[in-house]
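The values are calculated or read from the model by the stated rules, or taken from the named source; none is laboratory data. The structure displayed is predicted, hence computed values, not measured ones. Glycine gets a Cβ as well: all are built from the backbone with ideal geometry, and neighbour counts include every protein chain shown.
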Amino acid sequence: MTTQTAYYYTREIDLPIDEAEERVREALSEEGFGVLTEIDIKATLKKKLDADFHPYKILGACNPPAAYEALQAEDKIGTMLPCNVILQEKDGHTEVAAVDPVASMQAVDNPDLEPIATKIRDKLRSVLDRL
């Protein structure tokens, strides 16, 4: 079941992180997203700080038509792109969370962004609902 908070949607699934990531990538693709960036937090913290951390990945997802539309409405919106989706493994389960673009776009005083953010929010929520 997908849960909403003030700035993200989250869902826990009974899969290890690698299998969960495959499912997330498939669901993103089905909604028209590509993954532009990937950050392995666990590996990065180990390499840079020699710190141990649980499996945690950040996927930077982009829906090109919506990104183009948003950039036409607000040329600085790139500071808030792409939409981040995180996966973190906890006790044999994986939590998947995605940003709520409607919440983040409230910081931008441009009403033209609202329908774009709403469309992307609905697509990201659909991704989580499919898992």
field: Odd one out for LYS46 among (1) among the basic types (Lys, Arg); (2) under 16 Å from the mean Cα position of the chain (by Cα); (3) surrounded by fewer than 17 Cβ atoms within 10 Å (Cβ to Cβ)
entry: (2)
field: Selected residue [of a type in the set (D, E, K, R), closer than 20 Å to SER126 by Cα and surrounded by fewer than 17 Cβ atoms within 10 Å (Cβ to Cβ)] from GLU19, GLU38, GLU12
entry: GLU19
- request: Go through (1) among the charged types (D, E, K, R); (2) part of a helix (DSSP H, G or I); (3) farther than 20 Å from GLY32 by Cβ and name the single condition LYS119 misses.
  value: (3)
- prompt: Do we have any residue at all in the stretch 72-84 that's in contact with a Phe, Trp or Tyr (Cβ under 8 Å, 6 or more places away or on another chain), assigned to a helix (DSSP H, G or I) and touching a residue at least 40 places away in the same chain (Cβ under 8 Å)?
  reply: no
query: Before we move on, is ALA107 crowded, with 16+ Cβ neighbours inside 10 Å and small (Gly, Ala, Ser)?
result: no
message: It is to be established whether one or more residues within the stretch 49-61 are within 18 Å of the chain's Cα centre (by Cα) and without any contact (Cβ under 8 Å) to a residue 24 or more places away in the chain.
response: no
field: Any chance GLU69 is of a type in the set (D, E, K, R), out of contact with any strand residue (DSSP E or B) (no Cβ under 9 Å at 6 or more places or on another chain), closer than 27 Å to ALA107 by Cα and modelled with pLDDT of 95 or more
entry: yes
message: Given the criteria within 15 Å of GLN88 (Cβ to Cβ), more than 11 Å from the chain's Cα centre (by Cα) and touching a residue at least 60 places away in the same chain (Cβ under 8 Å), does ILE41 qualify?
response: no
- prompt: Under the condition of being out of contact with any helix residue (DSSP H, G or I) (no Cβ under 9 Å at 6 or more places or on another chain) and in a strand (DSSP E or B), which residue from the stretch 55-71 is farthest from TYR8 (Cα to Cα)?
  reply: CYS62
- prompt: Got a sec? Which of SER126, SER104 is modelled with pLDDT of 95 or more and polar (S, T, N, Q)?
  reply: SER126
query: Of everything in the stretch 62-71 that's surrounded by 13 or more Cβ atoms within 10 Å (Cβ to Cβ) and in contact (Cβ under 8 Å) with a residue 12 or more places away in the chain, which residue is nearest to the chain's Cα centre (by Cα)?
result: CYS62
